[in-house]
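The values are calculated or read from the model by the stated rules, or taken from the named source; none is laboratory data. Note that the structure is a prediction, hence the values are computed from the model and not measured. Here the Cβ is made from the backbone with ideal geometry for all residues, glycine too, and neighbour counts use every protein chain on show.
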Amino acid sequence: MQISEYFNLGLKQEDLDFVDVNTSRDNELFIDPCWIHIGDDDWSKQASSTISGFFDHILDLYQKGDKKKAKELFGFSKEPNETCFGMSRNNPEGTGASAEMLEKLFDNITSTEMVEAGLIRRLEDIHVFVSDFGKDRLSDLVTNIIRQHLVDYTEKQCELLGIELGKESKDLGYFWNNNTKVWGTCKGRPLIVDDKNILLVPKKIAVKSFRYTVGQYCSTHVLVRRQEQHIKDDTNLVKKTKKKDGTLKIEVFKKDIREEEIKQAGLNEKQYARRVTMENPDLIDNFRTSIIRVLKDPKTTNKLSDQELIELFKEL
């Protein structure tokens with residue numbers, strides 16, 4: 001049952017600021033930190049600062065050699081259920097941002113010098129360059145980090161719509177306190193649906209798929225640079241065909257680069273992106289800039305519309 005139905009709000013998705021989730025199961029939606037970072041409202045700015053603060057603090061501890069303290073902080077990251085977002089929790093492999101996963105993740109980042117090379121500068125870069133860290137894990141980690149912001153948002157939405165919260169104040173989980181640089185405990189009256197605590201999520205930060213991905217990065221930047229290099233070096237991948245006016249049409253196809261430089265080389269896309277970016281660090285800087293422009297352009301954005309959200313819940 002969706003939030004609006006459970007509380008008899010008499011409102012449709014287009015009337016609501018939050019995602020009208022089906023609370024009986026996980027919905028294949030994710031919190032995208034990129035949408036948080038580009039938001040110009042106070043809530044987005046504060047949540048963005050919290051995300052950046054957590055990531056910068058962890059990297060600072062690693063770079064100072066204080067891995068023990070960093071790893072202690074990972075123990076507070078749990079697989080959140082309150083948003084009803086993500087993949088099915090019945091997945092036997094598990095998809096959450098667990099302490100063990102985060103420890104392995106940051107060991108990988110620091111040991112391969114991806115920070116020093118400029119590959120990893122913000123949390124969402126991990127999703128582009130590091131294997132076994134998909135949108136579900138990124139979304140879960142962000143949820144943990146900004147939980148207090150989501151609690152505050154939920155309270156305000158409930159007050160606005162006249163939804164009654166739980167009668168007693170409770171611990172609502174951990175959140176990253178950007179001022180004290182430690183995990184704190186959210187306290188408040190929970191939004192309860194069928195004995196389950198619920199956090200409402202602004203629909204402006206919810207997605208089915210991310211734009212900031214290794215696939216998008218390779219297609220729009222990495223492979224384009226490699227096309228240019230192949231043409232410059234006149235390699236075996238260059239195709240030359242004579243046009244009607246007698247001039248040559250010179251081309252290099254991305255599929256041929258993928259076949260030779262990724263598949264035949266035994267690499268996955270993230271490994272390939274790391275290799276090329278190490279040699280061309282400006283590529284990821286350009287991608288970071290371009291993704292902001294893409295997200296803000298209504299013609300190219302993949303932001304979910306109200307109708308798409310409605311259709312999504314019809315499928316459940």
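Only residues that are farther than 19 Å from residue 155 by Cα and among the hydrophobic types (A, V, I, L, M, F, W, C): list them for the stretch 201-216, please. Answer for the stretch 201-216, where residues must be farther than 19 Å from residue 155 by Cα and among the hydrophobic types (A, V, I, L, M, F, W, C): 207, 210, 214. Screening residue 28 against (1) modelled with pLDDT under 85; (2) touching a Gly at 6+ places or on another chain (Cβ under 8 Å) leaves a single unmet condition, (1).
With respect to the stated conditions, residue 249 is of a type outside the set (S, T, N, Q), without any contact (Cβ under 8 Å) to a residue 12 or more places away in the chain and not assigned by TED's automatic domain parsing to the domain that holds residue 131. Scanning the stretch 211-251 for residues that are assigned to a loop (DSSP other than H, G, I, E, B) and surrounded by 15 or more Cβ atoms within 10 Å (Cβ to Cβ) yields a count of 5. Consider the stretch 51-85 and keep the residues that are of a type in the set (Gly, Ala, Ser) and at pLDDT below 85. The one that is farthest from residue 208 (Cα to Cα) is 75. Kindly evaluate residue 95 against the criterion of being modelled with pLDDT under 85, within 30 Å of residue 280 (Cα to Cα) and not basic (Lys, Arg). Taking the combined requirement at face value, the residue does not satisfy it.
Within the stretch 163-193, the set of residues being among the aliphatic types (A, V, I, L, M) and in a loop (DSSP other than H, G, I, E, B) comprises 163, 165. Would you check which residues across the stretch 252-274 are free of Cβ contacts under 8 Å to residues at least 40 places away in the same chain, touching an Asp or Glu at 6+ places or on another chain (Cβ under 9 Å) and part of a helix (DSSP H, G or I) and list them? 258, 262, listed by residue number. Restricting 166, 173, 162 to residues that are in the same structural domain as residue 306 (by TED's automatic domain parsing), in contact (Cβ under 8 Å) with a residue 12 or more places away in the chain and either farther than 30 Å from residue 295 by Cβ or of a type in the set (A, V, I, L, M, F, W, C) (or both) narrows the list to 166. Of all residues assigned to the stretch 288-302, at least one qualifies as being within 14 Å of residue 118 (Cβ to Cβ) and surrounded by fewer than 15 Cβ atoms within 10 Å (Cβ to Cβ).
Tallying residues that are assigned to a helix (DSSP H, G or I) and either surrounded by 21 or more Cβ atoms within 10 Å (Cβ to Cβ) or within 13 Å of the chain's Cα centre (by Cα) (or both) within the stretch 110-143 yields 14.
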